[in-house]
Amino acid sequence: MGTISVVIPCRNDAPFLAVCLDALRGQSRRPDEVIVVDDGSTDDSAAIARDAGARVVAQAHRGIWPAAAAGFDEAAGEILARLDADSVPAPDWLERVEQRMGSDDRPTAVTGVGTFYGGTRPRRWIARHLYLGGYFTVIGAVLGHPPLFGSNSALRRDAWAVLRTLVHRDRADVHDDLDLSWWMQPGMTVVYDPSLLVGVSIRPFESPEQLARRLVMAYRTLAVDWRAWPARRRRAERRRAADAAGAVTR
(Lines give C-alpha, C1' and ligand atoms only; values in the text may rest on other atoms or scores of the structure.)
Protein backbone atom coordinates (compact mmCIF):
# COMPACT_ATOMS: atom_id res chain seq x y z
CA MET A 1 0.00 0.00 0.00
CA GLY A 2 0.94 3.64 -0.32
CA THR A 3 0.41 6.61 1.98
CA ILE A 4 -2.41 7.12 4.46
CA SER A 5 -3.86 10.46 5.57
CA VAL A 6 -6.12 10.62 8.61
CA VAL A 7 -8.80 13.34 8.45
CA ILE A 8 -10.47 14.57 11.66
CA PRO A 9 -13.14 17.30 11.61
CA CYS A 10 -13.26 19.10 14.96
CA ARG A 11 -15.18 21.89 16.66
CA ASN A 12 -14.50 22.77 20.32
CA ASP A 13 -13.44 19.24 21.21
CA ALA A 14 -9.93 19.89 22.54
CA PRO A 15 -9.91 17.27 25.35
CA PHE A 16 -11.31 14.53 23.10
CA LEU A 17 -9.01 15.52 20.24
CA ALA A 18 -5.94 15.23 22.47
CA VAL A 19 -6.87 11.62 23.28
CA CYS A 20 -7.56 10.81 19.63
CA LEU A 21 -4.22 12.23 18.48
CA ASP A 22 -2.41 10.38 21.25
CA ALA A 23 -3.99 7.13 20.02
CA LEU A 24 -2.78 7.91 16.48
CA ARG A 25 0.76 8.42 17.78
CA GLY A 26 0.60 4.91 19.23
CA GLN A 27 -0.42 3.18 16.00
CA SER A 28 1.54 0.13 14.90
CA ARG A 29 1.33 1.61 11.40
CA ARG A 30 1.87 5.33 11.79
CA PRO A 31 -0.16 7.72 9.62
CA ASP A 32 1.75 9.54 6.91
CA GLU A 33 -0.33 12.65 7.54
CA VAL A 34 -2.91 13.79 10.07
CA ILE A 35 -5.23 16.62 9.07
CA VAL A 36 -7.44 18.28 11.67
CA VAL A 37 -10.09 20.51 10.15
CA ASP A 38 -10.84 23.20 12.72
CA ASP A 39 -14.51 24.05 12.14
CA GLY A 40 -14.49 27.47 13.79
CA SER A 41 -13.39 26.30 17.23
CA THR A 42 -13.13 28.78 20.07
CA ASP A 43 -11.15 26.46 22.37
CA ASP A 44 -7.61 25.06 22.13
CA SER A 45 -8.38 22.45 19.47
CA ALA A 46 -6.12 23.97 16.81
CA ALA A 47 -3.21 24.44 19.21
CA ILE A 48 -3.51 20.87 20.48
CA ALA A 49 -3.53 19.58 16.91
CA ARG A 50 -0.43 21.56 15.95
CA ASP A 51 1.42 20.50 19.11
CA ALA A 52 0.71 16.87 18.16
CA GLY A 53 2.21 17.38 14.71
CA ALA A 54 -1.07 17.47 12.82
CA ARG A 55 -1.73 19.79 9.93
CA VAL A 56 -4.57 22.19 10.74
CA VAL A 57 -7.02 23.32 8.08
CA ALA A 58 -9.06 26.21 9.49
CA GLN A 59 -12.51 27.25 8.33
CA ALA A 60 -15.46 29.22 9.67
CA HIS A 61 -18.07 27.06 11.39
CA ARG A 62 -19.88 25.19 8.61
CA GLY A 63 -20.59 21.73 10.02
CA ILE A 64 -19.17 18.22 9.96
CA TRP A 65 -19.71 17.38 6.29
CA PRO A 66 -18.15 20.59 4.95
CA ALA A 67 -15.26 20.13 7.38
CA ALA A 68 -14.66 16.49 6.46
CA ALA A 69 -14.84 17.30 2.74
CA ALA A 70 -12.31 20.11 3.17
CA GLY A 71 -9.98 17.67 4.88
CA PHE A 72 -10.36 15.10 2.11
CA ASP A 73 -9.60 17.79 -0.46
CA GLU A 74 -6.40 18.78 1.35
CA ALA A 75 -5.17 15.26 2.07
CA ALA A 76 -2.21 13.93 0.08
CA GLY A 77 -2.49 10.25 1.03
CA GLU A 78 -3.61 7.52 -1.35
CA ILE A 79 -5.94 6.31 1.42
CA LEU A 80 -8.12 8.81 3.29
CA ALA A 81 -8.88 7.45 6.75
CA ARG A 82 -11.64 9.18 8.70
CA LEU A 83 -12.09 9.64 12.44
CA ASP A 84 -14.08 12.01 14.62
CA ALA A 85 -12.44 14.07 17.33
CA ASP A 86 -13.85 11.75 20.00
CA SER A 87 -12.70 8.58 18.20
CA VAL A 88 -10.10 6.41 19.95
CA PRO A 89 -8.68 3.95 17.39
CA ALA A 90 -7.21 0.65 18.55
CA PRO A 91 -3.39 0.47 18.28
CA ASP A 92 -3.56 -1.66 15.12
CA TRP A 93 -6.37 0.32 13.45
CA LEU A 94 -4.33 1.81 10.60
CA GLU A 95 -2.40 -1.42 10.14
CA ARG A 96 -5.70 -3.24 9.60
CA VAL A 97 -6.99 -0.50 7.30
CA GLU A 98 -3.85 -0.85 5.19
CA GLN A 99 -4.12 -4.65 5.10
CA ARG A 100 -7.79 -4.64 4.09
CA MET A 101 -7.42 -1.94 1.46
CA GLY A 102 -4.44 -3.79 0.02
CA SER A 103 -6.21 -7.14 -0.26
CA ASP A 104 -6.80 -8.80 -3.64
CA ASP A 105 -10.36 -7.47 -4.02
CA ARG A 106 -9.09 -3.88 -3.60
CA PRO A 107 -12.21 -2.33 -2.06
CA THR A 108 -12.94 1.32 -2.70
CA ALA A 109 -13.73 1.88 0.98
CA VAL A 110 -13.66 -0.01 4.25
CA THR A 111 -15.55 0.61 7.46
CA GLY A 112 -15.89 -0.78 10.96
CA VAL A 113 -18.16 -0.18 13.91
CA GLY A 114 -17.82 1.82 17.12
CA THR A 115 -17.33 0.62 20.67
CA PHE A 116 -19.03 3.25 22.80
CA TYR A 117 -17.46 4.66 25.95
CA GLY A 118 -18.93 6.86 28.68
CA GLY A 119 -22.53 7.00 29.85
CA THR A 120 -24.39 4.04 31.27
CA ARG A 121 -24.22 0.42 30.17
CA PRO A 122 -27.84 0.37 28.91
CA ARG A 123 -27.22 3.52 26.89
CA ARG A 124 -24.05 2.07 25.37
CA TRP A 125 -25.97 -1.11 24.47
CA ILE A 126 -28.73 0.91 22.78
CA ALA A 127 -26.20 2.97 20.82
CA ARG A 128 -24.20 -0.06 19.65
CA HIS A 129 -26.95 -2.58 18.93
CA LEU A 130 -30.06 -0.55 18.13
CA TYR A 131 -28.71 2.63 16.59
CA LEU A 132 -25.56 1.38 14.84
CA GLY A 133 -26.94 -2.11 14.37
CA GLY A 134 -30.05 -0.65 12.79
CA TYR A 135 -27.95 1.65 10.62
CA PHE A 136 -25.88 -1.17 9.17
CA THR A 137 -28.88 -3.50 8.78
CA VAL A 138 -31.52 -1.15 7.39
CA ILE A 139 -29.32 1.19 5.37
CA GLY A 140 -27.23 -1.72 4.18
CA ALA A 141 -30.37 -3.38 2.83
CA VAL A 142 -31.38 -0.19 1.02
CA LEU A 143 -27.93 0.37 -0.45
CA GLY A 144 -27.10 -3.23 -1.25
CA HIS A 145 -23.73 -2.86 0.50
CA PRO A 146 -22.48 -1.81 3.95
CA PRO A 147 -22.80 1.91 4.68
CA LEU A 148 -19.79 3.84 5.88
CA PHE A 149 -19.56 4.75 9.57
CA GLY A 150 -17.94 8.17 9.68
CA SER A 151 -16.06 7.63 12.94
CA ASN A 152 -14.29 4.56 11.56
CA SER A 153 -13.77 4.38 7.80
CA ALA A 154 -11.29 4.80 4.96
CA LEU A 155 -11.67 5.70 1.29
CA ARG A 156 -9.37 5.71 -1.70
CA ARG A 157 -8.28 9.18 -2.75
CA ASP A 158 -8.99 8.52 -6.43
CA ALA A 159 -12.58 7.61 -5.49
CA TRP A 160 -12.94 10.87 -3.56
CA ALA A 161 -11.81 12.73 -6.70
CA VAL A 162 -14.97 11.39 -8.36
CA LEU A 163 -17.32 11.62 -5.39
CA ARG A 164 -16.42 15.13 -4.22
CA THR A 165 -18.60 16.72 -6.92
CA LEU A 166 -21.55 14.35 -6.34
CA VAL A 167 -22.07 14.42 -2.58
CA HIS A 168 -23.87 17.17 -0.66
CA ARG A 169 -20.61 18.35 0.85
CA ASP A 170 -21.82 21.88 1.64
CA ARG A 171 -24.78 20.76 3.74
CA ALA A 172 -24.40 20.60 7.51
CA ASP A 173 -27.91 19.19 7.92
CA VAL A 174 -27.20 15.75 6.43
CA HIS A 175 -25.11 12.86 7.75
CA ASP A 176 -21.78 12.89 5.91
CA ASP A 177 -21.22 9.13 6.14
CA LEU A 178 -24.69 8.21 4.86
CA ASP A 179 -24.49 10.77 2.05
CA LEU A 180 -21.05 9.51 1.00
CA SER A 181 -22.27 5.90 1.14
CA TRP A 182 -25.26 6.71 -1.09
CA TRP A 183 -23.11 8.24 -3.82
CA MET A 184 -20.68 5.34 -4.13
CA GLN A 185 -20.73 4.89 -7.88
CA PRO A 186 -21.22 1.70 -9.91
CA GLY A 187 -18.03 -0.31 -9.70
CA MET A 188 -17.10 1.16 -6.31
CA THR A 189 -17.16 -1.30 -3.41
CA VAL A 190 -17.53 -0.94 0.36
CA VAL A 191 -16.54 -3.69 2.78
CA TYR A 192 -17.31 -4.02 6.47
CA ASP A 193 -14.41 -5.27 8.60
CA PRO A 194 -15.32 -6.07 12.24
CA SER A 195 -11.62 -6.08 13.17
CA LEU A 196 -11.47 -2.29 12.67
CA LEU A 197 -12.05 -1.16 16.24
CA VAL A 198 -12.58 2.44 17.31
CA GLY A 199 -13.86 3.77 20.60
CA VAL A 200 -16.60 6.39 20.19
CA SER A 201 -18.10 8.72 22.78
CA ILE A 202 -21.68 8.11 23.89
CA ARG A 203 -22.31 11.88 23.76
CA PRO A 204 -24.78 11.84 20.83
CA PHE A 205 -27.05 9.53 22.82
CA GLU A 206 -27.01 11.29 26.19
CA SER A 207 -30.58 12.53 25.82
CA PRO A 208 -33.70 11.67 23.81
CA GLU A 209 -33.46 15.07 22.14
CA GLN A 210 -29.95 14.38 20.83
CA LEU A 211 -30.97 10.96 19.54
CA ALA A 212 -34.05 12.45 17.88
CA ARG A 213 -31.88 15.07 16.17
CA ARG A 214 -29.68 12.36 14.67
CA LEU A 215 -32.70 10.39 13.47
CA VAL A 216 -34.19 13.50 11.85
CA MET A 217 -30.88 14.10 10.07
CA ALA A 218 -30.88 10.50 8.86
CA TYR A 219 -34.39 10.88 7.46
CA ARG A 220 -33.43 14.17 5.78
CA THR A 221 -30.30 12.63 4.27
CA LEU A 222 -32.29 9.72 2.85
CA ALA A 223 -34.92 12.08 1.45
CA VAL A 224 -32.33 14.30 -0.23
CA ASP A 225 -30.33 11.43 -1.70
CA TRP A 226 -33.35 9.33 -2.70
CA ARG A 227 -34.74 12.20 -4.77
CA ALA A 228 -31.42 12.75 -6.50
CA TRP A 229 -30.64 9.07 -7.16
CA PRO A 230 -33.62 6.78 -6.41
CA ALA A 231 -32.68 3.61 -4.55
CA ARG A 232 -34.09 1.20 -7.13
CA ARG A 233 -32.28 2.90 -10.01
CA ARG A 234 -29.11 3.13 -7.94
CA ARG A 235 -29.08 -0.57 -7.15
CA ALA A 236 -29.86 -1.51 -10.75
CA GLU A 237 -26.98 0.61 -12.07
CA ARG A 238 -24.58 -0.83 -9.52
CA ARG A 239 -25.76 -4.37 -10.28
CA ARG A 240 -25.18 -3.90 -14.01
CA ALA A 241 -21.66 -2.63 -13.34
CA ALA A 242 -20.94 -5.61 -11.07
CA ASP A 243 -22.28 -8.05 -13.67
CA ALA A 244 -20.20 -6.44 -16.40
CA ALA A 245 -17.06 -6.62 -14.24
CA GLY A 246 -17.79 -10.29 -13.50
CA ALA A 247 -18.19 -11.07 -17.19
CA VAL A 248 -14.81 -9.50 -17.96
CA THR A 249 -13.00 -11.57 -15.32
CA ARG A 250 -14.57 -14.88 -16.39
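Per residue, the chain exposes 46 Å² of accessible surface when a 1.4 Å probe is rolled over the protein heavy atoms with every protein chain present.
Each peptide in 209-217, 165-173 gets a packing score, the mean of other Cβ atoms within 10 Å over its residues, and the list from highest to lowest is 165-173, 209-217.
Taking the square roots of five times each eigenvalue of the Cα gyration tensor of segment 4-249, the equivalent ellipsoid has semi-axes of 27, 21, 18 Å, listed largest first.
Determine the share of the chain's accessible area contributed by carbon and sulfur atoms, expressed in whole percent, with a 1.4 angstrom probe. Mind dumping the intermediate values first?
Numbers: 6290 of 11570 Å².
C and S atoms contribute 54 percent here.
Sorting 123-131, 39-47 by average packing, meaning the other beta carbons within 10 Å per residue, from highest down gives 39-47, 123-131. Net charge in the neighbourhood of ARG50 (other residues with Cβ under 11 Å of its Cβ; Lys, Arg +1, Asp, Glu -1) is -2. Using Cβ point charges alone (K and R +1, D and E -1), the dipole size of segment 4-249 about the Cα centre works out to roughly 960 debye.
Protection proxy ranking, highest mean first, for peptides 180-188, 147-155, 220-228: 147-155, 180-188, 220-228, where packing is the per-residue count of other beta-carbon atoms within 10 Å, averaged. Within segment 1-98, the proportion of C-alpha pairs whose separation exceeds 24 Å stands at 12%.
Between ARG227 and ALA161, what FRET efficiency follows from the Cβ-Cβ distance if R0 is 35 Å, with the result rounded to 0.05?
Efficiency for this residue pair is about 0.90.
Counting Lys and Arg as +1 and Asp and Glu as -1 over every other residue whose Cβ lies under 10 Å from the Cβ of ARG11, the net charge comes to -3.
The values are calculated or read from the model by the stated rules, or taken from the named source; none is laboratory data. Only a predicted model underlies this, so the values are computations on that prediction, with no experimental measurement involved. Here Cβ is always computed from backbone atoms with ideal geometry, including for glycine, and neighbour counts include all displayed protein chains. The accessibility values were calculated without ligands, DNA or RNA, using every heavy atom of the protein model including side chains. Shrake-Rupley method; radii C 1.70, N 1.55, O 1.52, S 1.80 Å.
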